[in-house]
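Undergrad: Below is the structure I would like to discuss, written out as structure tokens.
The values are calculated or read from the model by the stated rules, or taken from the named source; none is laboratory data. Here the structure is a predicted model, which is why all the values come from computation and not from measurement. Heads up, the Cβs are rebuilt from the backbone with ideal geometry, glycines too, and the neighbour counts pull from every protein chain shown. Note: accessible area is taken over every heavy atom of the protein model, side chains too, but ligands, DNA and RNA are not part of it. Shrake-Rupley method; radii C 1.70, N 1.55, O 1.52, S 1.80 Å.
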Amino acid sequence: MISSRTTDRVTVLTLDRPERRNALNHDALDELDAAIATAVAESRALVITGSEGHFCAGADLTELEDVSFTDRLAEVLARLSQAPITTVAAVSGSCMGLGMQLAVACDLRVVADGAAFALPVAKLGLMVNHWTLERVTRFWGEGAARHMVLTGAVLTSDDAWRLGFTQVRGDLDAALELARRAVDLAPLTQAGSKLGFDTHGGDHSEVARYEAAFATAWSSDDLSEGRSAFRERRTPEFQGR
């Protein structure tokens, strides 16, 4: 249900349940969680995509019975959003519900023409967690977020580009090209900057973690390497230390 391939330190995870437009059930969610953990340990960038023209149509409602699925999903989304490497969602076709949650858990989004986005919770009597609402609002803007959640609106790839939800328009190849640009950059800078993007001023523990990452980067061997490479007009070779 989840296939994985790694090339040149970029891992591609493909959601592969085409009979359900890649909607995920409990088993697929467990597979995805394990695959993300492996990718973080072995790669410098991660791309998540779907098979046969669709990203992810949501949770498989034919098997969804209780809130335990959402608890497990929250764990997987946390692992993905907190991954210290650069993550990219390569979106085509349906990106609904859980698919939207995966897309906003990633750092960057590459969207193909014809993609469709929705959070149809009000049509089902469900709710998503606050983390999801916060991320959707940040990446789409509050007007679009309210539009999708409160009216069931389906937004388009043009909307995603116009509103800044996507950083690149294109297919999986475009997503891979974007991911490769992150591979050779300084790992401590990337991981620390990701902490900073998710740090809110009122949470002192988050601020402390970011300040620690800041101090680590400024005292790292990678900083010395970056400066040397700049002076010597060569490509730096960062080691993440």
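Undergrad: I'd like to check something: does segment 141-150 contain any residue that is in contact with a Lys or Arg (Cβ under 9 Å, 6 or more places away or on another chain), open to solvent by 20 Å² or more (accessible area, probe 1.4 Å) and not basic (Lys, Arg)?
TA: No: zero hits.
Undergrad: Among the strands (runs of 3 or more DSSP E) confined wholly to segment 1-88, which include 3 or more residues that are more than 17 Å from residue 183 (Cα to Cα) and in contact with a strand residue (DSSP E or B) (Cβ under 8 Å, 6 or more places away or on another chain)?
TA: In segment 1-88, 2-7 are the strands (runs of 3 or more DSSP E) which contain 3 or more residues that are more than 17 Å from residue 183 (Cα to Cα) and in contact with a strand residue (DSSP E or B) (Cβ under 8 Å, 6 or more places away or on another chain).
Undergrad: Might you let me know whether segment 157-164 holds any residue that is more than 14 Å from the chain's Cα centre (by Cα), open to solvent by 20 Å² or more (accessible area, probe 1.4 Å) and hydroxyl-bearing (Ser, Thr, Tyr)?
TA: So far as segment 157-164 goes, no, none of its residues is more than 14 Å from the chain's Cα centre (by Cα), open to solvent by 20 Å² or more (accessible area, probe 1.4 Å) and hydroxyl-bearing (Ser, Thr, Tyr).
Undergrad: Additional query: Specify the residue that is nearest to residue 85 (Cα to Cα); the eligible residues are those in segment 226-241 that are open to solvent by less than 70 Å² (accessible area, probe 1.4 Å) and not aromatic (Phe, Trp, Tyr).
TA: Filtering segment 226-241 for residues that are open to solvent by less than 70 Å² (accessible area, probe 1.4 Å) and not aromatic (Phe, Trp, Tyr), the one nearest to residue 85 (Cα to Cα) comes out as 240.
Undergrad: Which residue, of 237, 225, 232, 177, is at pLDDT 95 or above, over 30 Å from residue 72 (Cβ atoms) and acidic (Asp, Glu)?
TA: Exactly one of 237, 225, 232, 177 is at pLDDT 95 or above, over 30 Å from residue 72 (Cβ atoms) and acidic (Asp, Glu), namely 177.
Undergrad: Hey, another quick one. Of everything in segment 180-225, what is open to solvent by 50 Å² or more (accessible area, probe 1.4 Å) and among the charged types (D, E, K, R)? Give them in sequence order.
TA: 180, 181, 184, 203, 209, 211, 221
Undergrad: Now for a different question. Which residue is surrounded by the fewest Cβ atoms within 10 Å (Cβ to Cβ), if the candidates are limited to segment 63-81 and must be without any contact (Cβ under 8 Å) to a residue 12 or more places away in the chain and of a type outside the set (A, V, I, L, M, F, W, C)?
TA: Among residues in segment 63-81 that are without any contact (Cβ under 8 Å) to a residue 12 or more places away in the chain and of a type outside the set (A, V, I, L, M, F, W, C), the one surrounded by the fewest Cβ atoms within 10 Å (Cβ to Cβ) is 66.
Undergrad: Right, another one. For segment 27-48, which positions are closer than 22 Å to residue 69 by Cβ, surrounded by fewer than 24 Cβ atoms within 10 Å (Cβ to Cβ) and touching a Ser or Thr at 6+ places or on another chain (Cβ under 8 Å)?
TA: Once the filter is applied, which keeps residues that are closer than 22 Å to residue 69 by Cβ, surrounded by fewer than 24 Cβ atoms within 10 Å (Cβ to Cβ) and touching a Ser or Thr at 6+ places or on another chain (Cβ under 8 Å), segment 27-48 yields only 35.
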